[in-house]
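Contents: one structure, followed by commentary.
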């Protein structure tokens, strides 16, 4: 048996096409590129990130029984709200290892999400020697989180309320990029980043919109939920934190706990069997 077959799109079963499409869509949505500069930063946090990244990688290569994709709104809370006034937006996805049963209405898996909580844009001359060519300078404040996810949820019913708990961490970073005509990226750099542990809980409900017990996709649900995530203290930048004076760059660094309330709406797909054996 092997987990991922040779990826030839035309030969993939429908259930595997869904999973690969889900993963590819999530990667594109995150727009999370690891440049050499970012890679160096990751080494600083590898002790805390390795465990979380290993678990998520294991999930993608495991017998996930359901997968979900959500649009997310993030509302800073507590000290974080004092510094960040803007509502964040982004996307999150989850993989669950097994479906709840009558004897055990419980499920566990992994959740990964991306949230943008600030952005700035301006046009600048390409250089002092080429002032007649202008480029777009875009700066974004972002948060990527990884969580182990536990759900208490009934195994049947058109409407399924649930509660959940999460534990993991958040990678908070600010990135500046230069783009030509708003499309082609010329260069990018991570201005500042940090890591925070994150844990919390939430609840919501799923509404069944499709059921095909004999098909690869057994059922499809609309998913709506709210989460309250407590974050440990971290340093980060926000909108207006980067100042350029006389050709020099200054960072006004904020430091606080990183509590966050999220509202999510999306879809969850349950599979009869995600990967087939050889």
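Brief remarks follow.
- Residues satisfying the stated conditions in segment 139-152, i.e. over 30 Å from residue 118 (Cβ atoms) and surrounded by 20 or more Cβ atoms within 10 Å (Cβ to Cβ): 151
- Which numbered condition residue 220 fails, given (1) touching a helix residue (DSSP H, G or I) at 6+ places or on another chain (Cβ under 6 Å); (2) modelled with pLDDT of 90 or more: (1)
- Filter result for residue 75 (surrounded by fewer than 19 Cβ atoms within 10 Å (Cβ to Cβ), in contact with a helix residue (DSSP H, G or I) (Cβ under 9 Å, 6 or more places away or on another chain) and modelled with pLDDT of 90 or more): yes
- For segment 223-252, the tally of residues that are more than 21 Å from the chain's Cα centre (by Cα) and either closer than 16 Å to residue 75 by Cα or exposed (fewer than 13 other Cβ atoms within 10 Å of the Cβ) (or both) stands at 10.
- Selected residue (only one of 73, 115, 149, 143 is part of a strand (DSSP E or B), more than 17 Å from residue 258 (Cα to Cα) and under 15 Å from the mean Cα position of the chain (by Cα)): 149
- Residues of segment 230-275 that are without any contact (Cβ under 8 Å) to a residue 12 or more places away in the chain and part of a loop (DSSP other than H, G, I, E, B): 246, 247.
- Among the conditions (1) surrounded by fewer than 18 Cβ atoms within 10 Å (Cβ to Cβ); (2) at pLDDT 90 or above; (3) more than 17 Å from residue 226 (Cβ to Cβ), residue 133 misses just one, which is (2).
- Selection count where residues are in contact (Cβ under 8 Å) with a residue 12 or more places away in the chain and more than 30 Å from residue 198 (Cβ to Cβ), scope segment 114-155: 6
- Residue satisfying condition, being in a strand (DSSP E or B) and either touching a strand residue (DSSP E or B) at 6+ places or on another chain (Cβ under 7 Å) or surrounded by fewer than 15 Cβ atoms within 10 Å (Cβ to Cβ) (or both), within set 128, 102, 164: 164
The values are calculated or read from the model by the stated rules, or taken from the named source; none is laboratory data. It should be emphasised that the depicted structure is a prediction, and the values quoted were computed from it without experimental measurement. Don't worry about glycine lacking a Cβ; one is built from the backbone with ideal geometry, like all the others, and counts go over all protein chains shown.
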